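Shown next, in structure tokens, is the structure this report addresses.
Rule-based calculations on the coordinates, nothing more; no lab input. These numbers come from a predicted model, not from an experiment. With ideal geometry, Cβ positions are generated from the backbone for all residues, glycine too; neighbour counts draw on all protein chains shown.
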Amino acid sequence: MSRENEQIVTIDGPSGVGKSTVSRAVAARLGYTYLDTGAMYRAVAWKCLQDGVPPDDEDAVARLLEDINIRLLPPEKDGDDVRVLVNGRDVSREIRSPEMAMAASRVSALGTVREKLTRMQQEMGAAGRIVAEGRDTGTVVFPRAAWKFFLDAAPGERARRRAEQLRLRGQEVDEKKILAQIIQRDRDDRERTIAPLRAAPDAIHIDTTNLDLDQVVDRILSHIRT
Ligand code: DC
């Protein structure tokens, strides 16, 4: 299949850059399905914490993966994150805490976890018409995607956006702590050996520091339409 035939859009970038909001909006405008790959890593992290398994114990995490069932469902209302079920239990809210993000980053460095989730993501995208968001969707999961984007923004701006998002969800936030976590998580995500966070060579870079949501979405759509 030629690259152009794959109706797949990938949107990668560091944490807090606005990937989820942008990706959801792009998917809605194109009538494509939105695939939040980070939610799947968070789901595995949630199961580790639930079962008392250290997120970097590869053997124990591999055993845990044998009986984990992760389902992603459309959000209940517009603007919400996808709903996530782990073995039938709705963990949508619990997986969105900064602590769960850190644990997700740790499990995401394990080869067994990446292999399993990458395979699941490729199956979910097999029919095309998908907007996939994450760290490696343009490099590893869908290397033949027709349109690839890499979003970035200054760390301070990303911390501000993430804090705002958590506040809107009614969570208490310490913006300095969020900034420190963002810097640490970026470093870990970029420096891991397997499928590190990086732009695909053929990705279009967009610095969103001074752009609002609509401007980012419009830029992406104008690239896709031309
Ligand atoms: O996008 P997010 O904040 O929900 O992702 C949580 C963590 O999961 C992130 O720090 C790294 C990992 N992740 C990954 O390694 N690969 C992806 N495609 C998506 C997320």
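Under 14 Å from the Cβ of ASP214, count the other residues' Cβ atoms, weight Lys and Arg +1, Asp and Glu -1, and hand me the total.
Working: positive: ARG24, ARG29, ARG219; negative: ASP212, ASP218.
Spelling it out: positives minus negatives among the neighbours equals +1.
Who wins for biggest fluctuation among THR137, THR112, THR37 in a Gaussian network model of the chain, springs between alpha carbons below 10 Å?
Highest fluctuation of the listed residues: THR112.
Return SER105, SER20 ranked ascending by Cβ neighbour count within 10 Å, so the fewest neighbours appear first.
On the way: SER105 25, SER20 18.
Ordered by Cβ neighbours within 10 Å, fewest first: SER20, SER105.
In a Gaussian network model over the chain where Cα atoms closer than 10 Å are linked, find which of LEU168, LEU110, LEU49 has the largest mean-square fluctuation.
Evaluated over the chain, the most mobile residue of the options is LEU168.
Contact order normalised by length for segment 58-193, with contacts defined as Cα pairs under 8 Å and 6 or more residues apart; what percent is it? If you can, show how the numbers build up before the last one.
On the way: 90 pairs, mean separation 23.8, N = 136.
Reported relative contact order: 17 percent.
Compare ALA28, ALA45, ALA103 in a GNM of the chain, Cα atoms joined below 10 Å, and give the one with the largest fluctuation.
Per the Cα network of the chain with a 10 Å cutoff, ALA28 tops the list.
Which percent of the Cα-Cα distances in the chain go past 34 Å? List each step's numbers first, then the result.
On the way: 1966 of 25425 pairs.
Counting every Cα pair in the chain, those more than 34 Å apart make up 8 percent.
Please state the relative contact order of segment 36-100 as a whole percent: Cα pairs under 8 Å, 6+ residues apart?
Once normalised by length, the contact order is 31 percent.
Take the alpha-carbon centre of segment 31-87, take the same for segment 167-226, and report the distance between them in whole Å.
Between the Cα centres of segment 31-87 and segment 167-226 lies a distance of 20 Å.
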